[in-house]
Amino acid sequence: MITRLHSAAVEGINGYEVQVEVDARPVEDVGRITVVGLPDAAVRESVQRVTAALANSSFFRPGDMNVTVNLAPADVRKQGPGFDLPIALALEMAIQENYREVPESFKRRVPTGLDAWCLVGELALDGVVRGVRGVLPLAVAARDAGRRYMMVPPENAAEAAVVDGLIVYTVETLREAWEVLLHPAAHTPYTLPDELPPLPAEVDFDEVKGQPYARRAMEIAASGGHNLLMCGSPGSGKSMLATRLPTILPPLTQEESLEVSKIHSVCGLLPRTGGLLVHRPFRSPHHTISDVGLMGGGSTISPGEISLAHHGVLFLDELPEFARRTLETLRQPLESGAVTISRASGSMDFPCAFMFVAAMNPCPCGYLGDTTHRCRCSPADVTRYRKKISGPLLDRFDIIIEVPPVDPASLLARPDGESSAAIRARVVAARARQMQRYAETGATCNARLSSKKLRQVCPLTPSQQQLLLDAVEQLGLSARAFDRILRVTRTIADLAGCETPTDAHLFEAIQFRQFESQLRG
């Protein structure tokens, strides 16, 4: 007799159901356990973990049985230790039903109604159930497959419980898992806490002293989801401004929250105390990061930093210090909002619609144009340094600004800027106008708008058209930069609550591209 239980696995960032089938037959000599169904090393090693966990949990494990464990569908590679729990339970059920010489002290009643369950968990050698990665997409897959109950380790309870229509039970040991399957009504399902995690309050824009121009650029970038490049000498506040950007971004929508949480769940980054992520992610990798770390990939294809920043912010500090090849790989994902990782074993698509924020110095020493420090760089050094940022990559920025040094006198003065809460209210209002305007197109902000739709929502008068053409010609901008100016113009108008952009809105948008000509040399 074959015993079947249901589990799930992750492919990319999406889950799919896996049937765990166990066939156990007595033999005259020493038996063995075989796992089939394209298991990886971690799944094959489950044999040793399951055997030890059963023995240390006072379950019966005879040595004269041949056991075959099949993970279906058999044409998809199974990864990770999450099948330990269903394999152990299915094996014990098969033994109880097929082995006639089970000692009386080891005989157990076998659970029924197993088709309603999905089980996931890694086993320690003593039978303790440990947490695994990717439970959120697994829970979605279980719900979609018609499973009513899900059994998970306590560490994964919060992310599984956010899936509507699924009743989640947590188990700490293998023995407890057996009891829950036998008597689910005698155990209390897990429920999420009522309170959502608060927005991190360690930083606030009211701590920024001076830099009104940069703060205005930050507000516009947040309102339209625009990419932003800041150039300034060390200590001018570039990193300080960037780290405060998440405090003025609008909260994630329900759909965005699910997408972001699935990516973080697969990478094992969801907090144990909460369910779905409600705040936009902020990722700031070091400049020594590899192509795989940034884009995703590896022997087991997994998301990279650009996908972890999905619907949030990717901040690259000291931009020219990153390898040029690594930076060039960003160009296509910035346009499409998705990245395809191809390997010999297959390919995976990961979403990566993020705000790209970067900071750089004006020269290698950092003090070109600084009135308080002497620059020691030759013109050739400056040119070589700036050439690390290619023209096509510069085109991907909607806003490029110079951040001047902070006046020492202002450091002793009280902060004169607005709080993050005040700025965020305006950003949320501007984003709401955009989402209402683009409800039928699927775009969520001006930065994600198609060129065709952009011309419709940002009409220019003949005089404004001529002004824009003159600016593009004088600044030496590309056709892509032309569209970027229009997008920023539309966002500035949204912040002002105007249906049609004015000359002032267009002037300000052009101003945010003037520094680009200096960077291009």
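Below are the figures for this structure:
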item	result
Residue satisfying all of: in segment 229-276; charged (D, E, K, R) and part of a helix (DSSP H, G or I); surrounded by the fewest Cβ atoms within 10 Å (Cβ to Cβ) among these	255
Whichever residue in segment 499-516 is over 14 Å from residue 216 (Cβ atoms) and in a helix (DSSP H, G or I) and, among such residues, is most open to solvent (accessible area, probe 1.4 Å)	503
Which listed residue, of 372, 383, is β-branched (Val, Ile, Thr) and under 13 Å from residue 234 (Cα atoms)	372
Residues (hydrophobic (A, V, I, L, M, F, W, C), open to solvent by 30 Å² or more (accessible area, probe 1.4 Å) and assigned to a loop (DSSP other than H, G, I, E, B)) located in segment 336-376	344, 365, 368, 375
Out of 268, 237, 224, 275, sole residue that is over 13 Å from residue 309 (Cα atoms), touching a Ser or Thr at 6+ places or on another chain (Cβ under 6 Å) and not charged (D, E, K, R)	224
Residue that is most open to solvent (accessible area, probe 1.4 Å), among those in segment 437-450 that are in contact with a Leu (Cβ under 9 Å, 6 or more places away or on another chain) and hydroxyl-bearing (Ser, Thr, Tyr)	441
Every pair of residues 6+ apart whose Cβ atoms lie under 6 Å, when the first sits in segment 331-358 and is closer than 19 Å to residue 443 by Cβ while the second is open to solvent by less than 10 Å² (accessible area, probe 1.4 Å) and of a type in the set (A, V, I, L, M)	333/306; 333/339; 352/306; 352/339; 354/309; 354/314; 355/313; 356/314
Test result for residue 36, modelled with pLDDT of 90 or more, surrounded by fewer than 16 Cβ atoms within 10 Å (Cβ to Cβ) and of a type outside the set (Ser, Thr, Tyr)	yes
Of all residues in segment 478-498 being open to solvent by 20 Å² or more (accessible area, probe 1.4 Å) and either outside any helix (DSSP H, G or I) or β-branched (Val, Ile, Thr) (or both), the one that is modelled with the lowest pLDDT	478
Hits in segment 368-397 - residues which are closer than 16 Å to residue 231 by Cα and hydroxyl-bearing (Ser, Thr, Tyr)	371, 383, 385, 390
In segment 396-436, the residues that are under 16 Å from residue 219 (Cα atoms), basic (Lys, Arg) and open to solvent by less than 40 Å² (accessible area, probe 1.4 Å)	431
Enumeration of residues in segment 193-207 that are modelled with pLDDT of 85 or more and surrounded by fewer than 22 Cβ atoms within 10 Å (Cβ to Cβ)	203, 204, 206, 207
Residue check for residue 22: crowded, with 17+ Cβ neighbours inside 10 Å and either assigned to a strand (DSSP E or B) or modelled with pLDDT under 90 (or both)	yes
Residue 431 charged (D, E, K, R), in a helix (DSSP H, G or I) and touching a Cys at 6+ places or on another chain (Cβ under 7 Å)	yes
Residues satisfying the stated conditions in segment 157-183, i.e. open to solvent by 10 Å² or more (accessible area, probe 1.4 Å) and under 20 Å from residue 87 (Cβ atoms)	169, 170, 172, 173, 175, 176, 179, 182
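Table: residues versus (1) open to solvent by less than 30 Å² (accessible area, probe 1.4 Å); (2) in a loop (DSSP other than H, G, I, E, B).
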residue	(1), (2)
108	no, yes
118	yes, no
132	yes, yes
138	yes, no
142	yes, no
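The values are calculated or read from the model by the stated rules, or taken from the named source; none is laboratory data. Computed from a predicted model, the values in this text were never measured in an experiment. Here Cβ is always computed from backbone atoms with ideal geometry, including for glycine, and neighbour counts include all displayed protein chains. The protein model used for the area step is the full one, side chains on, heavy atoms only, and it has no ligands, DNA or RNA in it. Shrake-Rupley method; radii C 1.70, N 1.55, O 1.52, S 1.80 Å.
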